[in-house]
Amino acid sequence: MSAREELIVKYAADLKDKCGVTANMDLLTKVTIGCGPAIYSKDAATVAGSQQSELDTVKNNFLIKKLGLADGPALDAGIDAVIEKYGRSNANKYRAVVYYLLTLHFGKESVYN
């Protein structure tokens with residue numbers, strides 16, 4: 001099993017254990033691949049849910065640029081809902097899991113087809 005495949009299995013377990021979500025493995029794999037080399041860097045692989053600059057990066061680089069959503073309060077509300085679902089006290093919020101949940105939240109699975 002490759003390093004990426006091992007991470008995808010870890011992300012799927014995180015979705016199930018911490019979010020109560022059974023992952024669509026095809027979509028999770030595509031979202032993970034879309035994260036690029038960031039998944040292999042300890043710092044870049046996670047999202048600091050309490051850091052505004054990090055949340056702004058998620059909004060600008062993922063929601064607006066990748067998913068093509070228009071900026072507005074709905075984006076911040078979506079990020080907040082996903083952070084809440086993942087667990088605010090959970091220190092390790094994996095970027096691929098956050099992006100996966102945001103993709104589902106905004107119904108943008110078609111971006112990965």
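The values are calculated or read from the model by the stated rules, or taken from the named source; none is laboratory data. Note that the coordinates shown come from a computational prediction; the quantities given were computed from them, not determined experimentally. A quick note on method: Cβ atoms are made from the backbone with ideal geometry, for glycine too, and the neighbour counts reach across all protein chains shown. Side chains are part of the model used for accessible areas, which takes the heavy atoms of the whole protein and leaves out ligands, DNA and RNA. Shrake-Rupley method; radii C 1.70, N 1.55, O 1.52, S 1.80 Å.
Scanning segment 84-113 for residues that are without any contact (Cβ under 8 Å) to a residue 60 or more places away in the chain, small (Gly, Ala, Ser) and in a helix (DSSP H, G or I) yields a total of 1. Please indicate, with yes or no, whether at least one residue in segment 59-71 is at pLDDT below 95 and of a type in the set (Lys, Arg). Looking for residues that are at pLDDT below 95 and of a type in the set (Lys, Arg), one finds none in segment 59-71, hence no. When segment 42-81 is filtered for residues that are in a loop (DSSP other than H, G, I, E, B) and open to solvent by less than 50 Å² (accessible area, probe 1.4 Å), the ones remaining, listed by number, are Ala44, Ala45, Val47, Ala48, Gly49, Leu67, Leu69, Gly72.
Is it true that Val9 is crowded, with 19+ Cβ neighbours inside 10 Å and either under 16 Å from Gly107 (Cα atoms) or not charged (D, E, K, R) (or both)? Judged against the criteria, Val9 is not a match.
Considering every residue within segment 25-35, establish whether at least one is at pLDDT 95 or above, open to solvent by 50 Å² or more (accessible area, probe 1.4 Å), in contact with a Lys or Arg (Cβ under 8 Å, 6 or more places away or on another chain) and under 25 Å from Glu6 (Cα atoms). Scanning segment 25-35 turns up at least one residue that is at pLDDT 95 or above, open to solvent by 50 Å² or more (accessible area, probe 1.4 Å), in contact with a Lys or Arg (Cβ under 8 Å, 6 or more places away or on another chain) and under 25 Å from Glu6 (Cα atoms).
The residues of segment 88-113 that are open to solvent by 20 Å² or more (accessible area, probe 1.4 Å), closer than 22 Å to Leu7 by Cα and of a type in the set (Gly, Ala, Ser), listed by number, are Ser89, Ala91. A single entry from Thr22, Thr57, Thr29 fulfils the requirement of being closer than 12 Å to Arg95 by Cα, out of contact with any Asp or Glu (no Cβ under 6 Å at 6 or more places or on another chain) and not small (Gly, Ala, Ser): Thr57.
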